[in-house]
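Since the structure comes first, as structure tokens, the remarks are kept for the end.
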Amino acid sequence: MKSIGVLIIALLAATGFAADEARELVLFPFGQGAAVQPTEEFNVEGEALNALYAQLKDIPNLYVLRFRETNPSVRRAIDENRIRRDRLTPPFNEREADGTWRAARVGALLGVDLAFAGRIEESSYDPNTREAVVTISGDLIDVQSGEVIVSVAETGRGRLGSDQSDANIARIAAVSQAAEKIGAAIRARLAPPTEQPTTVKEKKQPDRKRERATVSLFVLILGAVLGSSQF
């Protein structure tokens, strides 16, 4: 029986450490500022969201999810009148009447640790210079405390090459540059370089399936040990 106790403690400790190290961040859709140049052929909010997600998902011990109103926790909160449906649209980095950040309030419903919300301040393309400019602002918020951990406003620029004619190429380059700058600022806060190994290794996102598999393996091993102890 002593060996069973040791086994249980070891497995629980292993799964506990894995859960403590990983944090969850919800990435909210962007709002739109007055300096956004309208264009039907380019969805700057969607492109910015995709570009920033690509930057954040590689931060060590950070699991990034995109906000969706169809999330079961959100739908349940709506049904139970714990949040109004009109509070689920951008901008999310605004304070509610009680002083709490909207992003933190919705993030609490999702059970995440961090929330990033912002807006596209500027999006333009100049056909004369063949240059696109995109400015994105946002706040990284601690969901539990409501503290703003990082506040950013970054501009990206993209210019068409001499053999290019599609303005969206320049727009995408501008979005990517702005998202890269924001991602670097968040990475510097959540995973400072001094805390990273000197050797370059492939960074992987926390594997939720593996965590569940660990728990299942624990149950199977425990069942086998208990079963054999009866004979």
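Numbers below:
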{"item": "Karplus-derived 3J(HN,Hα), 6.51/-1.76/1.60, for each residue of segment 173-178, Hz, glycine and proline x", "result": "5, 5, 4, 4, 5, 5"}
{"item": "Estimated vicinal HN-Hα couplings, Hz - segment 40-54 in sequence order (Karplus 6.51, -1.76, 1.60; Gly, Pro = x)", "result": "6, 8, 9, 8, 5, 5, x, 5, 5, 5, 5, 5, 6, 4, 4"}
{"item": "For VAL150, residues with placed amide H under 5 Å, excluding near neighbours", "result": "LEU140"}
{"item": "THR89-ASP163 pseudo-label distance in nm [points 7 Å out on the Cα-to-Cβ vector]", "result": "4.5 nm"}
{"item": "Amide hydrogen neighbours beyond the local backbone of THR39, cut-off 5 Å, H modeled", "result": "none"}
{"item": "Dimensionless Rg ratio for segment 23-197, taking C-alpha atoms and the 2.2 N^0.38 Å reference", "result": "1.09"}
{"item": "Segment 26-60-segment 110-136 distance, computed between alpha-carbon centres (Å)", "result": "6 Å"}
{"item": "Full-extension gain in nm, ASP126 to ARG76, via 0.36 nm per residue minus C-alpha separation", "result": "13.4 nm"}
{"item": "Ranking of GLU94, GLU21 by count of other Cβ atoms within 10 Å, fewest first", "result": "GLU21, GLU94"}
{"item": "For THR100, residues with placed amide H under 5 Å, excluding near neighbours", "result": "none"}
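Since every read-out is calculated from the coordinates, none of them should be taken as a lab result. Predicted, not measured: the structure shown is a model, and the values here were computed from it. Please note: Cβ atoms are built from the backbone with ideal geometry, for glycine as well, and neighbour counts cover all protein chains shown.
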